[in-house]
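The values are calculated or read from the model by the stated rules, or taken from the named source; none is laboratory data. The model shown is predicted, which means the values in this text are computed figures rather than measured ones. Cβ sites come from the backbone with ideal geometry, for glycine too, and all protein chains shown count toward neighbours. Keep in mind that these areas ignore ligands, DNA and RNA; they rest on the heavy atoms of the full protein, side chains included. Shrake-Rupley method; radii C 1.70, N 1.55, O 1.52, S 1.80 Å.
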Amino acid sequence: RQKLALTCRILFDNGHDSGLAGQITARSEQPATFLTQRLGLGFDEICAGNLLLVDEHLQVLEGEGMANPANRFHAWVYRARPDVRCIIHTHAVHTAALSMLEVPLEISHMDNCVLYDDVAFLPKWPGVPVGNEEGELIASALGNKRALLLAHHGLLVACSSIEEACLLALALERAARMHLLAASVGKIKPINPELGREAHDWILRAQRSAAAFSYYARRSLKQQHNADCLLE
């Protein structure tokens, strides 16, 4: 719960705020259940104590309030991907801007190689997300990747840990910003695929993810407005 709450604050402090849009979930110890934020609270208001435990139908098992109905598609991803432990979906501004161009994200810098060949692309916007249709569409588009760029929408990451999901969400938004900056002055040049995959695997190690998450957590907890996020 504390890691999930910390991740919400980290996302807020790093450009992923778009009001009440966006969701985060993490599998709990009980089968077919996950933790998520309460509808009506922004990422900057989440603490360990106001997270909800819900089932696949978003029925609240623990906590007060209701879950965001848009979370329904998370259950589809979890069912399709037993390896996924945490899902983050946001409308971070640079990713959202890139999504308006209906082009895939280009990974062409060493710092972004944690995402190399690991970002799927959903090229068409199906309209306002409702019901199970969105779950089928997103789970299918994601495939076996860790991240997804949704045209005219935003980003999604689905990872094996909360730490990894947090870092990949931050990385995707930064990569989108770099893509837009580079493309505004010229054609982006691709990197060597073999080197890109090697860098991806080297960066995406559990120990490195834990260390990087700890850094962002320390930085976030220095901010006075985040002092309450660990409270049960």
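Summary table below
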| quantity | calculated |
| --- | --- |
| Every residue from the stretch 110-141 that is over 26 Å from residue 204 (Cα atoms) and either touching a Gly at 6+ places or on another chain (Cβ under 8 Å) or polar (S, T, N, Q) (or both) | 132 |
| Residue match in the stretch 201-211 (condition: modelled with pLDDT of 95 or more and either part of a loop (DSSP other than H, G, I, E, B) or open to solvent by less than 30 Å² (accessible area, probe 1.4 Å) (or both)) | no |
| Residues being open to solvent by 40 Å² or more (accessible area, probe 1.4 Å) and in contact with a helix residue (DSSP H, G or I) (Cβ under 7 Å, 6 or more places away or on another chain) - total across the stretch 139-161 | 2 |
| All positions within the stretch 112-130 that are more than 19 Å from residue 180 (Cβ to Cβ), at pLDDT 95 or above and open to solvent by 20 Å² or more (accessible area, probe 1.4 Å) | 117 |
| Wholly enclosed helices (runs of 4 or more DSSP H) of the stretch 76-192 bearing at least 2 residues in contact with a Cys (Cβ under 6 Å, 6 or more places away or on another chain) and closer than 22 Å to residue 17 by Cβ | 162-183 |
| Members of the stretch 80-102 found to be more than 20 Å from residue 180 (Cα to Cα) and surrounded by fewer than 16 Cβ atoms within 10 Å (Cβ to Cβ), listed by number | 82, 83 |
| Considering residues of the stretch 19-65 that are small (Gly, Ala, Ser) and not in a loop (DSSP other than H, G, I, E, B) only, the residue most open to solvent (accessible area, probe 1.4 Å) | 49 |
| Residue check, residue 105 within 30 Å of residue 182 (Cβ to Cβ), open to solvent by 50 Å² or more (accessible area, probe 1.4 Å) and among the hydrophobic types (A, V, I, L, M, F, W, C) | no |
| Residue pairs meeting the criteria (Cβ under 6 Å; at least 6 apart or on separate chains; first more than 14 Å from residue 55 (Cβ to Cβ), in the stretch 65-76; second open to solvent by 30 Å² or more (accessible area, probe 1.4 Å)) | 65/38; 68/39; 70/129 |
| Close pairs from the stretch 171-182: first surrounded by fewer than 19 Cβ atoms within 10 Å (Cβ to Cβ) and modelled with pLDDT under 95, partner part of a helix (DSSP H, G or I) and polar (S, T, N, Q), Cβ under 8 Å, at least 6 apart | none |
| Candidates 68, 50 - the one that is at pLDDT below 95 and touching a strand residue (DSSP E or B) at 6+ places or on another chain (Cβ under 9 Å) | 68 |
| Candidates 136, 232 - the one that is farther than 24 Å from residue 109 by Cβ, among the charged types (D, E, K, R) and surrounded by 13 or more Cβ atoms within 10 Å (Cβ to Cβ) | 136 |
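Here's the yes/no breakdown for (1) of a type in the set (Phe, Trp, Tyr); (2) outside any loop (DSSP other than H, G, I, E, B); (3) under 22 Å from residue 2 (Cα atoms); (4) without any contact (Cβ under 8 Å) to a residue 24 or more places away in the chain:
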residue: 194; (1), (2), (3), (4): no, yes, no, yes
residue: 217; (1), (2), (3), (4): no, yes, yes, no
residue: 220; (1), (2), (3), (4): no, yes, yes, no
residue: 231; (1), (2), (3), (4): no, no, yes, no
